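Asks: Handing you a structure now.
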Amino acid sequence: MDKWLIGKKADNIPKINNPIFIEGLPGIGNVGKIAVDFLIDQLNPSLIYEIHSTNFPHSVFVNDDNLIEMPAVRIYLAKTKVGRNLLLLAGDVQPVDESASYEFSNLILDIVKKLGCKEVITLGGIGTAAEPIKPKVYGAAISSISKERYGKLSKSIIFNKTKADAIIGATGLLLGLAKLKKMEGSAI
């Protein structure tokens, strides 16, 4: 079996208009996963890729009908009314091995770049000892251009030293590798 098996690819991917890629995979508090799952529920996007891998955990999920499902990561296309499309990355898992995380992140970025994407947003949580009384939204950007852009879009995103010194897993690697691929974006 190939390490990365595209289980489903849409036969006809429609024309995509200047897409923004948004990642939300399981992680600390499942913050990113919950946010992207919410977008999927609200926007009713089209599934364009489904990815399975031997680098995902060796398990299956049991759904509400007591049927099994293989762990998968999916890329959805959401058309918006503001002209730009969204590419949403959602799933139940992500690779936990470091080299597999790099391979996975490169694969995902190669796919979205082929679809015309130049901008990446990753979503995640910051681990804290206790639930904050007044939660805050922190950001880290690929470049000063991205930092200024997202800072202007939302005054509630704090772009100074966060409580995290590193962003781990796909949430961090997608941004780091996107920078190497000359893309823009931010972690929120």
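The values are calculated or read from the model by the stated rules, or taken from the named source; none is laboratory data. Bear in mind that the values here come from a model prediction, so they are computed numbers and not experimental data. FYI the Cβ positions are ideal-geometry reconstructions off the backbone, even for glycines, and counts take in every protein chain you see. In case anyone asks, the SASA skips ligands and DNA or RNA and just uses the protein heavy atoms, side chains included. Shrake-Rupley method; radii C 1.70, N 1.55, O 1.52, S 1.80 Å.
Asks: Based on Cα positions only, what radius of gyration and what Dmax would you give for the chain, in angstroms?
Replies: 16.4, 49
Asks: Select from region 1-102 those trypsin sites (Lys or Arg not before Pro) which occupy a DSSP coil region and have at most 14 other Cβ atoms within 10 Å, ordered by residue number.
Replies: Of the trypsin sites (Lys or Arg not before Pro), the ones in loops of region 1-102 whose Cβ has at most 14 other Cβ atoms within 10 Å are Lys3, Lys15, Lys81, Arg84.
Asks: Does region 34-141 come out rounded, prolate or oblate by the C-alpha gyration tensor, with a ≥ b ≥ c the root eigenvalues, rounded set by a/c under 1.5 and, if not, prolate when a/b is larger than b/c and oblate if not?
Replies: It comes out rounded by the Cα gyration axes.
Asks: Then there is this: If one puts a single equal scatterer on every Cα of region 117-176 and applies the Debye formula without solvent, what log₁₀ I(q)/I(0) results at q = 0.13, 0.15, 0.25, 0.29 Å⁻¹?
Replies: Normalising to I(0) and taking log10 leaves -0.36, -0.48, -1.24, -1.47.
Asks: Could you tell me the relative contact order of the chain? Use alpha-carbon pairs under 8 Å, at least six residues apart, and round to a whole percent.
Replies: 25
Asks: Provide the per residue accessible area, probe 1.4 Å, for the chain, rounded to a whole number of square angstrom.
Replies: 59
Asks: Tell me the carbon and sulfur percent of the accessible area for the chain, rounded to whole percent, probe radius 1.4 Å.
Replies: Using a 1.4 Å probe with all protein chains present, the chain comes out at 55 percent carbon and sulfur.
Asks: Next question, about the same structure. Over region 1-52, one equal point on each Cα, no solvent: what is log10 I(q)/I(0) by the Debye formula at q = 0.21, 0.30 Å⁻¹?
Replies: Cα-only, vacuum Debye calculation for region 1-52: -1.01, -1.15.
Asks: Once you compute Rg and the Kirkwood Rh from C-alpha atoms, what is the Rg to Rh ratio for region 81-188?
Replies: Radius of gyration relative to Kirkwood radius: 0.97.
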